[in-house]
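K.L.:
Quick one: the structure is below, and I'll ask about it shortly.
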Amino acid sequence: MALQDVLIDELRDMYSAENQLVKALPKLAKGAKDKTLKTLFTEHLEETKGQVIRLRTVFEHLGKKPTGQHCNGMEGVIEEGADALEKDEEGASFDAGLVGAALRTEHYEIAGYEACISMAETLGLDDVVDLLEENLKEEKAAAEKITAAAEPILEAAKEEPEEESDAPKTGKEKYSDKKSKEDERKAAPDLKKKR
Ligand SMILES: [Fe+2]
């Protein structure tokens with residue numbers, strides 16, 4: 001497989017990821033209790049729409065269509081964001097969960113764009129590099145703004161009393177608990193070898 005084909009697959013993945021975020025960010029914005037966080041999510045939604053358009057331009061440069069690859073990674077990251085939205089935490093503690101979810105989406109995208117940019121640079125696709133750099137710059141700025149906005153949220157969450165949750169575990173939570181133990185058990189033999 002030639003490098004350009006690998007790049008196109010990666011770019012289609014990013015295109016799918018950005019489209020998925022166009023649908024997910026409004027949910028985070030709606031869920032956020034902190035006003036600054038709400039505004040940041042809303043602003044990044046508008047940027048994300050611009051990023052989708054920019055990626056379409058990238059595909060025009062390459063003479064390829066943007067669809068063809070669904071980003072499973074982003075689907076999983078968004079699913080974790082949906083879990084954070086379902087948590088019955090209050091106020092700042094709830095927002096702290098959203099911050100974690102949002103930062104995961106940004107850093108996933110940063111990794112994706114950095115990989116695409118290296119490939120495009122190697123192929124000498126200067127116009128593509130320039131467009132992708134613009135998206136990358138926005139993702140990095142968004143992550144930084146979210147991290148800054150998180151500071152007072154985390155401080156406030158620290159003051160919130162710990163709640164005793166007596167709600168029974170949902171089916172999804174039970175499944176997640178079981179899988180996490182399975183993850184640990186499977187890794188255990190390899191971890192033993194490390195000693
Ligand atoms: Fe994005």
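K.L.:
Does anyone have the angle between helix 3-31 and the longest principal axis of the chain? Alpha-carbon axes, 0 to 90°, nearest 10?
P.N.:
Between helix and principal axis, roughly 40 degrees.
K.L.:
Fully extended, how many nm does the chain gain between Asp9 and His107 (0.36 nm per residue separation, minus their Cα-Cα distance)?
P.N.:
The span from Asp9 to His107 would gain 33.4 nm if fully extended.
K.L.:
Further, regarding this structure: Within the stretch 46-65, whose backbone N sits under 16 Å from a point 7 Å along Cα→Cβ of Glu133?
P.N.:
Within reach of a label on Glu133, which here means backbone N under 16 Å from a point 7 Å along Cα→Cβ, the stretch 46-65 contributes 58.
K.L.:
Also, quick follow-up: Heavy-atom accessible area of Tyr108 with all protein chains present, probe 1.4 Å, nearest 10 Å²?
P.N.:
Rounded to the nearest 10, that gives 90 Å².
K.L.:
Any idea of Asp13's accessible area? Nearest 10 Å², probe 1.4 Å.
P.N.:
30
K.L.:
Whole angstrom only: what separates the Cα centroid of the stretch 6-42 from the Cα centroid of the stretch 76-108?
P.N.:
12
K.L.:
Let me ask something else about it. Using a simple spin-label model with points 7 Å from Cα along the Cα→Cβ vector, what separation in nm is obtained for Leu123 and Glu60?
P.N.:
1.8
K.L.:
Also, quick follow-up: Thr42 to Asp83: FRET efficiency via 1/(1 + (r/R0)^6), r the Cβ-Cβ distance, R0 25 Å, to the nearest 0.05?
P.N.:
0.70
K.L.:
How many Å² of accessible area per residue for the stretch 94-195, probe 1.4 Å?
P.N.:
Using a 1.4 Å probe on heavy atoms only, each residue of the stretch 94-195 averages 68 Å².
K.L.:
Also, I was wondering about something else. Could you give the alpha-carbon Rg of the chain over 2.2 N^0.38 Å, rounded to two decimals?
P.N.:
Rounded to two decimals, the normalised Rg is 1.19.
K.L.:
A follow-up question, please. For the Cα atoms of the chain, what angle does the longest principal axis make with the long axis of helix 91-122, in degrees from 0 to 90, nearest 10?
P.N.:
Orientation of helix 91-122: about 20 degrees from the principal axis.
The values are calculated or read from the model by the stated rules, or taken from the named source; none is laboratory data. Please read these numbers as outputs of a predicted model, since none were measured by experiment. Cβ sites come from the backbone with ideal geometry, for glycine too, and all protein chains shown count toward neighbours. All accessible areas refer to the heavy atoms of the entire protein, side chains included, with ligands and DNA or RNA removed. Shrake-Rupley method; radii C 1.70, N 1.55, O 1.52, S 1.80 Å.
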